[in-house]
1. Looking for whichever is assigned to a strand (DSSP E or B), within 19 Å of S291 (Cβ to Cβ) and small (G, A, S) here; the options are S481, S472. Which one fits?
2. Working only within segment 334-349, note down all residues that are modelled with pLDDT of 90 or more, more than 12 Å from H444 (Cβ to Cβ) and in contact with a strand residue (DSSP E or B) (Cβ under 7 Å, 6 or more places away or on another chain).
3. Determine whether segment 280-291 contains at least one residue that is under 22 Å from the mean Cα position of the chain (by Cα), closer than 30 Å to A516 by Cβ, modelled with pLDDT of 95 or more and of a type in the set (F, W, Y).
4. Suppose we filter A501, A521 for residues that are buried (at least 23 other Cβ atoms within 10 Å of the Cβ), touching a helix residue (DSSP H, G or I) at 6+ places or on another chain (Cβ under 6 Å) and of a type in the set (A, V, I, L, M); which single one remains?
5. When the residues of segment 234-258 are filtered to those that are in a helix (DSSP H, G or I) and polar (S, T, N, Q), which remaining residue is farthest from M518 (Cα to Cα)?
6. Right, S549: of a type outside the set (D, E, K, R), outside any helix (DSSP H, G or I) and either crowded, with 16+ Cβ neighbours inside 10 Å or in the same structural domain as A274 (by TED's automatic domain parsing) (or both) or not?
7. Could you count how many residues in segment 466-484 are modelled with pLDDT of 90 or more and either crowded, with 21+ Cβ neighbours inside 10 Å or of a type outside the set (F, W, Y) (or both)?
8. Based on what the data block shows, is E324 part of a helix (DSSP H, G or I), over 30 Å from L211 (Cβ atoms) and either of a type in the set (A, V, I, L, M, F, W, C) or assigned by TED's automatic domain parsing to the domain that holds V450 (or both)?
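The values are calculated or read from the model by the stated rules, or taken from the named source; none is laboratory data. Nothing here was measured: the structure is a model prediction, and the numbers come from that model. Glycine also receives a Cβ, built like all others from the backbone with ideal geometry; neighbour counts cover every protein chain displayed.
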Amino acid sequence: MLGGLLGWIALAWIFIHGVHAFLSTSTSSMPSSSVAAASSYLAPQPSSGSKSSTSSAYRAWLDKRGIRISFLSITFTSNRIAKYFYRIALWSPTAWRLWFSFGVFVGCALLALGPLLVLFNLTVTAADLLPSFSMPATSPSLPGHEHQHHQHGAGLPMTESSGSSSAGVAGTTSTHAPRIRQFEMRPLIPGVNVPAEHTLIFFVVVLLNSLFHEAGHGIAAALHDVYIENCGMFIQVVLPGAFVELHSPQLNAVKAFQQLRIFCAGVWHNIVLALLAFAVYLALPTLLSSSYMYGHGVAVAALDVHSPLAASLQPGDVITAINEGCEVNTIEDIHRCFGDIEALRVTGRTGMCLSRSLVDAYPPLKPPPGVDPHAEVHADCCVEDTGDTSQSRLCFAQRAEGLFKCIPARKAADSAAVDRCVAHSHCSDGFACWNVTLEVDDMHFVRFHVAGKEPVLFLGPLNEFSQSVLLSDYVPLGVSSLRFPLAVRTFLGYMIALSPALAVLNALPCWLLDGAHMLKAVFELLLPSPRFDEERVAALRRWCLHINSALLVLLIALSFWRLAASSPPTALPSTAPHAASATASAGT
């Protein structure tokens, strides 16, 4: 997957650079009038009778539109965007000053907490890399990345995980995924630890964050009459970004607190963007209520075509309960039901209370060869007795009496009581305790109740169900798309996690980041000249930037080392019926 993604990226840049090189060096001997007629959109028409150069026309077209192409980078620059920042700043200057003053307090808090976060992550990363203290590798939730230019330096492809951010995407991960430690920063690479199918969403979220970030700088600068020289956007390899170039003499001339408003505006806007995304995330059931039901079952959005479940479940099916008594309204309920099943396994209550009348209708079988009939067994007596490998019939064992019976899976599930058991005493009158002889310890016999259909029976590891079936909390009404709510939630989840991570990163007191400018303004505000020696204050600031920059570079290096040393993502388990799972929805 990663190799294919890198291949497409490489081909795209080869094509772009090839076309750019061709148009930059080629010439045309056509009369200027012909060139102008054929390419009037490229350059102004030259004087009659002269020779026109396609290269000159192409370069003039790029210059006119502020486009610059360099190695693995495309930049668009315009000074016309700045006028909109000045217009917006004039709407209500008092309100904007109050708005950006809030941003100063948020930015300064991040400026102070950022180095502590870096030290914490250095400790965690070093512990992961030491063999005696290694921890399970975790999948980072979402990226935190930002590009800046001149006044705002390049950001870093890292992510910060927190309780709120990881919750935003909990529904997109399988139940067996390792737990993410809070406040952990990790590099993110699409196709490696960001799903390749999320690349477009990742791209859009990074772009929106960058635009919103730089818009904050632009509006704050316009509010304090600082000249905005240029604004623009760019793509560096695959990551988009934006920038605002400010007139340095005017910027340095404004008061320290006004500078803080300008420098903190970007990270403040990223925090606001995260809060807006979180509010939309919470309101999503109401916003989609005209087209989707929420809290009334879980819809099957997609299935792995190689999964045995594909024969019984289809996209659009609605799961309403698991086994008997575990109602399903949301995806969290499925996780809860699975947790209850695993808890029963731990306590040993794995037996099913089957109707005695059903059990008595089937003759007892001999124990499989070499099996102690009174011990926990994993053999399939149905295969031994009938040669049936379809698993429409399941082997049940009664350990206390050493009995085995081959019973149709659906009849057994339909006759089973709610209770799980270890012995007959745990079952009601008329029921007996029987165990399915599972082939491996992590396999479970599960009954999924589906609206409007017979229950779907599943025999296999619970994490295989999580990996094979894509679920949605939103049940469509009519012909509404199954995928749309998932795409919206994924987008909001990335926005919730990436925006605060970007704010934290850019507020770090490191060279080329907003934090460097914020630190300078804070020192000017708290340690003003001539009360404090200006050279000593500048030296202290440089040392702070040097130390924090070195720690951040070290963290990035160790993080990539840990990423390279971690094991590759676990492949989907085998779906062969004899080794993994099977459904018995068609069983008799």
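1. Numbers: S481 fails: assigned to a strand (DSSP E or B).
None of the other options fit; the residue is S472.
2. Of everything in segment 334-349, just one residue is modelled with pLDDT of 90 or more, more than 12 Å from H444 (Cβ to Cβ) and in contact with a strand residue (DSSP E or B) (Cβ under 7 Å, 6 or more places away or on another chain), namely I334.
3. No, that holds for no residue.
4. A521
5. Across segment 234-258, the extreme among qualifying residues is Q250.
6. The answer is no for S549.
7. 13
8. Spelling it out, it is not the case that E324 is part of a helix (DSSP H, G or I), over 30 Å from L211 (Cβ atoms) and either of a type in the set (A, V, I, L, M, F, W, C) or assigned by TED's automatic domain parsing to the domain that holds V450 (or both).
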